[in-house]
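Data first, discussion second: the structure below is written as structure tokens.
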Amino acid sequence: MFRVYLGLGSNVGDRFGFLSKATKELEKIVKLKSYSSVYETAPWGAENQNKFLNVVLEINTEFYPIELLERLQQIEVKLGRRKHSHMEPRTIDIDILLYHGWSFENNKLSVPHPDLDRRRFVLEPLSEIAPMAVHPILGKTMISLLRHCRDRNLVMRTTYTIKENKI
């Protein structure tokens with residue numbers, strides 16, 4: 001079993017509904033261990049878009065990175081995500097942030113996520129549920145990366161709740 005952290009985001013339509021539906025779909029294929037709070041965030045890298053709702057999930061899975069990526073992409077398509085170009089609005093985006101303790105890279109996927117240390121909208125919720133998780137390449141904890149993150153975009157905890165923070 002691998003411990004993996006996923007980042008989910010939506011900025012189109014019923015944003016919270018898409019996060020909830022994606023979580024339910026994920027429960028069919030992996031074991032969900034914990035959930036961050038839901039955060040409302042400014043779009044990163046593209047300013048002319050709606051704000052996102054973001055959440056980070058800790059899961060246990062038997063899937064290797066590429067297998068998991070394929071399953072996540074199937075969920076995205078099922079929830080209305082079209083073939084996308086980088087940084088466009090989306091019903092749901094599911095990113096693999098970390099595979100606990102290791103890194104992986106090929107032409108389809110890089111783990112840990114290559115922009116993890118530069119994105120406050122991911123570091124805030126990730127630090128909430130896994131502050132001491134270590135970035136396998138940078139050798140720093142998530143809370144340390146958050147403290148030193150230069151991204152100053154708005155990241156605000158909401159009252160939305162996916163589930164209890166720990167199951």
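See the values below:
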{"read-out": "Max mean-square fluctuation residue, GNM over the chain, Cα-Cα springs under 10 Å, options Asn107, Asn50, Asn153", "value": "Asn107"}
{"read-out": "Alpha-carbon centroid distance for the pair the stretch 94-167 / the stretch 14-30, whole angstrom", "value": "19"}
{"read-out": "Max mean-square fluctuation residue, GNM over the chain, Cα-Cα springs under 10 Å, options Arg157, Arg118, Arg147", "value": "Arg147"}
{"read-out": "Overall Cα dimensions of the chain - principal axes, largest extent first, Å", "value": "37, 35, 34"}
{"read-out": "Relative contact order (percent, whole number), the chain, Cα cutoff 8 Å, 6+ residue spacing", "value": "32"}
{"read-out": "Cα gyration tensor, the stretch 30-110 - rounded (a/c under 1.5), prolate or oblate", "value": "prolate"}
{"read-out": "Under 10 Å, Cβ to Cβ, from Phe63 - net charge with Lys/Arg +1 and Asp/Glu -1", "value": "-2"}
{"read-out": "28 Å Cα cut-off, lysine pairs counted over the stretch 1-143 (separation 8 or more, or different chains)", "value": "28"}
{"read-out": "Dipole of the chain, positive end: most advanced residue of Leu145, Ser10, Thr159 [Cβ charges, Cα centre]", "value": "Thr159"}
{"read-out": "Helical contribution to [θ] at 222 nm, DSSP H n ≥ 4, -39,500 (n - 2.57), averaged over the chain, rounded to 500", "value": "-7500 deg cm²/dmol"}
{"read-out": "Distance in nm between pseudo-label sites at Val12 and Asn48 (7 Å out along the Cβ direction from Cα)", "value": "1.7"}
{"read-out": "Most fluctuating residue given options Lys78, Lys24, Lys108, as computed from a GNM of the chain linking Cα atoms under 10 Å", "value": "Lys108"}
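Any read-out appearing in this document is the output of simple, stated calculations on the displayed coordinates, not a laboratory observation. The model shown is predicted, which means the values in this text are computed figures rather than measured ones. Virtual Cβ from ideal backbone geometry, glycine too; neighbours counted across all protein chains shown.
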